[in-house]
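Data block below; observations after.
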Amino acid sequence: MKVSSSRGIFKRQGIYGTLVGTVNADGRLILGPSSHVTGKVNSPNIDVFGSVEGDIVSTGIVVLRAKSNVKGTISTATMVVEAGAVFNGESNM
């Protein structure tokens, strides 16, 4: 699923564009390489390939992929940060 540029609250399994607002997903959420999310992200499992400016909340695992860029607070049970990922913020596990 692709979103080019949007505002508001969204329920998606994948974001591949610019989004300002809140993302809620029931399953695995993929924030693609071209994604730029400004706001809150909630999902049981999250793979970040793009950028996030805001809070990430997950009951499972958050994976910051090699070229991702995250600025904010990550609250999760498990977090993986691949070499090359940029994370500026705090984590709560």
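The values are calculated or read from the model by the stated rules, or taken from the named source; none is laboratory data. Since the structure is predicted, the reported quantities are computational estimates derived from the model, not experimental observations. Every residue, glycine as well, gets a Cβ built from its backbone with ideal geometry; the counts of neighbours run over all protein chains shown. Please note that ligands, DNA and RNA were not included when accessible areas were found on the heavy atoms of the full protein model with its side chains. Shrake-Rupley method; radii C 1.70, N 1.55, O 1.52, S 1.80 Å.
Working carefully through the options I30, I46, find the one that is in a strand (DSSP E or B), within 15 Å of G14 (Cβ to Cβ) and open to solvent by 10 Å² or more (accessible area, probe 1.4 Å).
Exactly one residue qualifies, and that residue is I30.
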The residue from A66, A83 that alone is of a type in the set (G, A, S) and under 14 Å from P33 (Cβ atoms) is A66
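On the basis of being of a type in the set (A, V, I, L, M, F, W, C) and under 18 Å from I15 (Cβ atoms), does V52 make the cut? Give the derivation first.
Working: of a type in the set (A, V, I, L, M, F, W, C): yes; under 18 Å from I15 (Cβ atoms): yes.
Yes, satisfied.
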